[in-house]
Amino acid sequence: MGNRKNFTSEEWAKVLESMMLAGMAVSAAEPSGLWGTVKEAFASRSAITASKQSASNELVKAAIAELETQEGRSTVQAALRKLVAGAEPSEIVKRALDNLREVSALLDAKAPGDAAAFRDVLRGISQKVAETSMEGGLLGVGGTRISDAEKATLAEIEKALGTTT
């Protein structure tokens, strides 16, 4: 069973970041304006909370527990600020996908027994964010639930995680 001790401090920070970046990649793929972005951020957090309540995997539980600490939140916030500083949405998507690829490889190397469950959580977060806000409409009317850009990003996330079906 994997936990924080399986990873260096830098690797663990990447694992924590991945939980936020799974949703951010989808949000950045099709920016939804202020209200849509707030809804998508809430959906990401909600998906993480739901994963905590249903998780039987120790690595998932450990990562979520760490995100609930001041230290964990500070680590992730600092990394995310650095990641998005001066970046266009398409660059944020690229950087998020790079992180997810790196974390997928780390999971395989350091916690292979937990890798599939952790990847499922990341996919669930990204899917929930994609389904949250209507795209392309006016004030939520006439849009689509998941835009083509979000669908493409979801597929890229699956590829990055090695979970393409």
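The values are calculated or read from the model by the stated rules, or taken from the named source; none is laboratory data. Worth saying up front: this structure is predicted, and the values here are computed from it rather than measured. In this analysis, Cβ positions are derived from the backbone assuming ideal geometry, glycine residues included, and neighbour counts consider all displayed protein chains.
Checking G23, G36, G86 one by one, the residue that is more than 15 Å from I157 (Cβ to Cβ), part of a helix (DSSP H, G or I) and of a type outside the set (A, V, I, L, M, F, W, C) is G36 and no other. Selection of region 40-58 for residues being over 22 Å from A29 (Cβ atoms) and of a type in the set (V, I, T) yields only T49. Set side by side, the residues A47, A115 differ, and just one is in contact with a Leu (Cβ under 9 Å, 6 or more places away or on another chain) and surrounded by 15 or more Cβ atoms within 10 Å (Cβ to Cβ), which is A115. Restricting attention to region 5-35, the residues that are surrounded by fewer than 17 Cβ atoms within 10 Å (Cβ to Cβ) and of a type in the set (K, R) add up to 1. Screening T75 against (1) within 21 Å of A160 (Cα to Cα); (2) part of a helix (DSSP H, G or I); (3) touching a helix residue (DSSP H, G or I) at 6+ places or on another chain (Cβ under 7 Å) leaves a single unmet condition, (1). Among all positions in region 80-97, there is at least one residue which is under 19 Å from K128 (Cβ atoms), touching a Lys or Arg at 6+ places or on another chain (Cβ under 9 Å) and surrounded by fewer than 22 Cβ atoms within 10 Å (Cβ to Cβ). You will find that of A29, A55, the residue that is under 20 Å from F118 (Cα atoms) and touching a residue at least 60 places away in the same chain (Cβ under 8 Å) is A55 and no other. Checked against (1) surrounded by fewer than 16 Cβ atoms within 10 Å (Cβ to Cβ); (2) modelled with pLDDT of 90 or more, L122 passes all but a single condition, namely (1). Just to verify a result, which residue in region 102-111, among those that are surrounded by fewer than 20 Cβ atoms within 10 Å (Cβ to Cβ) and free of Cβ contacts under 8 Å to residues at least 60 places away in the same chain, is farthest from the chain's Cα centre (by Cα)? Among residues in region 102-111 that are surrounded by fewer than 20 Cβ atoms within 10 Å (Cβ to Cβ) and free of Cβ contacts under 8 Å to residues at least 60 places away in the same chain, the one farthest from the chain's Cα centre (by Cα) is A109.
Of all residues in region 62-74, none that is in contact (Cβ under 8 Å) with a residue 40 or more places away in the chain and under 17 Å from A47 (Cβ atoms) has its Cβ atom under 7 Å from the Cβ atom of a residue that is surrounded by fewer than 18 Cβ atoms within 10 Å (Cβ to Cβ) and among the hydroxyl-bearing types (S, T, Y), 6 or more apart or on another chain.
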